[in-house]
Amino acid sequence: MSDIISLNDQYKMKSGRSDTSNEVRENVFTDCKDAIVIKNLRKSYKDFTLNNISFNVPRGTIMGFVGENGAGKTTTIKAILDLIRIDGGEISILGSNARMLSNEMKAQIGVVFDGSNLHDNMNSKNINYVMKNIYPNWEEQIFNRYIKKLQLPEKKIIKEYSRGMKMKLSIAIALSHHSKLLILDEATSGLDPMVREEILDIFLEFIQNEENTILLSSHIISDIEKIADYVTFIHQGNIIFSESKDDLIYRHGVLHCRREDVAVIDSNFIVGIRENSFGAEVLIRNKDDFKRRYHQFNVEKTSIEEIMLLVSRGKERF
Amino acid sequence: MKGLILKDFINLKKNLKIFGVLTLLYGFMSYTSGDASFFSTIFTMLFAILTLSLYSYDEMAKWDGYAITMPISKENIVQGKYLMMILLTFIGAVFGFLFAALMYITAGMNSLLQSIESCGIGAAVVILFYSIALPFITKLGVEKARLIFFAVYMIPFAIIFLINKEIKAGKLVISDNFVELVNYLERYLGIIIPVVVLLALGISYTISLNIYRHKEF
């Protein structure tokens with residue numbers, strides 16, 4: 001039914017723009033140290049390519065890493081964690097080359113994958129015992145506290161855990177060794193809303209310490225919208241934007257108008273258009289400038305989900 | 001590393017019951033047949049199979065990709081696996097020997113020296129087998145490497161079978177010099193076997209490590 005058209009396929013969100021909010025953001029990036037820096041990361045598979053992607057995860061923030069299934073989120077995270085060989089580019093974690101992290105550095109990173117990666121016939125007590133002998137900074141008390149808080153059974157083996165329980169256990173592990181950086185790949189996907197809420201609360205608690213950073217990949221945008229400070233959007237192996245969530249929402253707007261009104265609007269303002277039988281929905285960038293120029297239109301607030309949808313569909317079209 | 005070894009032993013815990021039953025079963029069979037070396041060999045082999053189980057458990061859990069994100073190096077992970085293989089083979093051999101010793105004391109079966117010899121040779125064969133198999137498992141995973149195991153097992157048998165056939169047919173004549181050489185080497189088996197095993201292990205570990213370093217998870 002709906003038809004989405006982007007009139008501007010050059011959606012330059014990262015560099016070369018002159019609006020003030022972006023300049024402010026650039027300053028913030030250079031002033032604070034980044035927990036993760038990715039420069040020109042390249043990785044080719046037969047049917048998929050990560051295309052020279054670059055973005056930073058500022059320390060002390062939650063970075064939401066969004067994109068549809070197969071966009072390259074997991075590949076990027078695997079590259080960050082040195083689980084795949086990269087074809088080019090550089091990645092640094094907490095100031096060190098990601099390919100040569102010392103064990104001390106690795107001990108400060110908590111990782112949660114989609115799925116538990118733990119052996120089926122172990123229970124949480126066994127896990128504690130194993131991790132105590134792997135992480136030099138393992139805190140048994142913190143782990144046990146999380147196990148209680150998250151209502152995980154001590155004696156039940158992981159095979160009998162539900163998906164939600166497995167994710168909670170992985171998160172408890174990631175948080176029990178004084179991690180400074182959490183890297184989570186689809187940690188909230190496939191969970192019921194109650195568990196997701198519970199897990200998101202734990203992340204918010206973790207980020208209370210200003211030294212701590214989270215990179216959270218998800219295709220559930222509402223989760224990102226709830227907790228992320230920054231959003232990086234990956235689409236077909238390309239980074240479309242990597243920005244402050246508030247800036248994104250502040251700078252963009254949606255206007256509902258008749259189809260013929262679209263022709264009046266300067267195409268530089270238009271990110272994407274969704275047409276339907278009632279008229280058109282237009283996603284506008286530089287909302288304030290637009291409002292000053294076009295008094296006749298009423299621009300409404302937009303969401304990350306809407307921005308992503310219109311940007312990605314628009315890009316596919318052109 | 002300690003954590004990795006502990007992880008493996010916890011994973012093997014569920015095999016304890018089966019092992020208890022098998023001990024009784026083979027022990028009884030060995031006792032009634034009057035030959036303790038049968039039991040010793042079986043046990044070394046049984047423990048050897050556990051190494052394969054450990055690889056499958058790790059694969060099923062997709063553990064390795066997770067472990068690499070922990071404060072463990074790729075070298076440590078490969079070392080942990082080789083160490084477990086040697087440990088399990090050693091435990092198997094010791095277990096087999098203890099049984100043989102028990103049989104010797106209670107029923108006067110086989111000599112102790114003979115038992116040590118058969119357990120030692122059993123362990124050497126197992127380690128040699130794994131030295132060939134582990135790089136393949138590291139590269140392909142347990143499932144895909146199965147065909148390779150089959151080949152590793154079958155090729156020596158096939159070669160011996162063919163040589164035997166040729167000799168019987170009179171096409172292949174073994175020279176006296178060769179028989180002499182074999183007899184000569186046999187006297188030094190106590191040195192040759194450990195040297196060959198260590199050499200195979202070293203080469204195998206180096207290859208596996210190299211494969212593991214370039215592996216994607």
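The values are calculated or read from the model by the stated rules, or taken from the named source; none is laboratory data. All of these numbers come straight from a predicted model, not from anything done at the bench. Cβ: placed from backbone, ideal geometry, glycine included. Neighbour counts: every protein chain shown. The area values use the complete protein model at the heavy-atom level, side chains included, leaving out ligands, DNA and RNA. Shrake-Rupley method; radii C 1.70, N 1.55, O 1.52, S 1.80 Å.
Going through B:Ala158, B:Ala145, B:Ala101 one at a time, which residue ends up being under 19 Å from B:Phe38 (Cα atoms), of a type outside the set (Val, Ile, Thr) and surrounded by 11 or more Cβ atoms within 10 Å (Cβ to Cβ)?
Working: B:Ala158 fails: under 19 Å from B:Phe38 (Cα atoms); B:Ala145 fails: under 19 Å from B:Phe38 (Cα atoms).
From the options B:Ala158, B:Ala145, B:Ala101, the qualifying one is B:Ala101.
Which of the helices (runs of 4 or more DSSP H) contained wholly in the stretch A:25-135 include at least 2 residues that are within 19 Å of B:Asp64 (Cα to Cα), at the interface with chain B (Cβ under 10 Å from one of its Cβ atoms) and under 19 Å from the mean Cα position of the chain (by Cα)?
Working: elements: A:73-80, A:103-106, A:124-132.
It comes to A:73-80.
Confirm whether B:Leu88 is surrounded by 16 or more Cβ atoms within 10 Å (Cβ to Cβ) and free of Cβ contacts under 8 Å to residues at least 24 places away in the same chain. No: the conditions fail for B:Leu88. State yes or no: is B:Leu50 free of Cβ contacts under 8 Å to residues at least 40 places away in the same chain and buried (at least 16 other Cβ atoms within 10 Å of the Cβ)? When the stated conditions are applied, B:Leu50 passes them. Scanning the stretch B:13-47 for residues that are of a type in the set (A, V, I, L, M) and more than 17 Å from the chain's Cα centre (by Cα) yields B:Leu16, B:Ile18, B:Val21, B:Leu22, B:Leu24, B:Leu25, B:Met29, B:Ala36. At least 2 residues being closer than 26 Å to B:Ala124 by Cβ is the threshold, and among the helices (runs of 4 or more DSSP H) wholly inside the stretch B:1-101 those reaching it are B:2-12, B:16-33, B:36-61.
Return the pairs, sorted by first residue and then second, in which the second residue is part of a helix (DSSP H, G or I) and open to solvent by 30 Å² or more (accessible area, probe 1.4 Å), the first residue lies in the stretch A:136-162 and is among the acidic types (Asp, Glu), the beta carbons are less than 8 Å apart, and the residues are 6+ apart or on different chains. Close Cβ pairs satisfying both conditions: A:Glu140/A:Lys132; A:Glu154/A:Lys125.
Pairs are defined by a Cβ separation below 8 Å, a sequence spacing of at least 6 or placement on different chains, a first member in the stretch B:12-24 that is within 13 Å of chain A (Cβ to nearest Cβ) and touching a residue at least 24 places away in the same chain (Cβ under 8 Å), and a second member that is open to solvent by less than 90 Å² (accessible area, probe 1.4 Å) and assigned to a helix (DSSP H, G or I); the pairs so defined are B:Leu12/B:Leu50; B:Leu12/B:Ser53; B:Leu12/B:Leu54; B:Asn15/B:Leu50; B:Asn15/B:Ser53.
Checking the stated criteria, A:Lys148 turns out not to satisfy the condition of being under 26 Å from the mean Cα position of the chain (by Cα) and either open to solvent by 20 Å² or more (accessible area, probe 1.4 Å) or at the interface with chain B (Cβ under 8 Å from one of its Cβ atoms) (or both). When B:Ser37, B:Ser53 are checked against the criterion of being out of contact with any strand residue (DSSP E or B) (no Cβ under 6 Å at 6 or more places or on another chain) and at pLDDT 80 or above, a single residue qualifies: B:Ser53. Of all the residues in the stretch B:57-72, those that are more than 7 Å from chain A (Cβ to nearest Cβ) and small (Gly, Ala, Ser) number 1.
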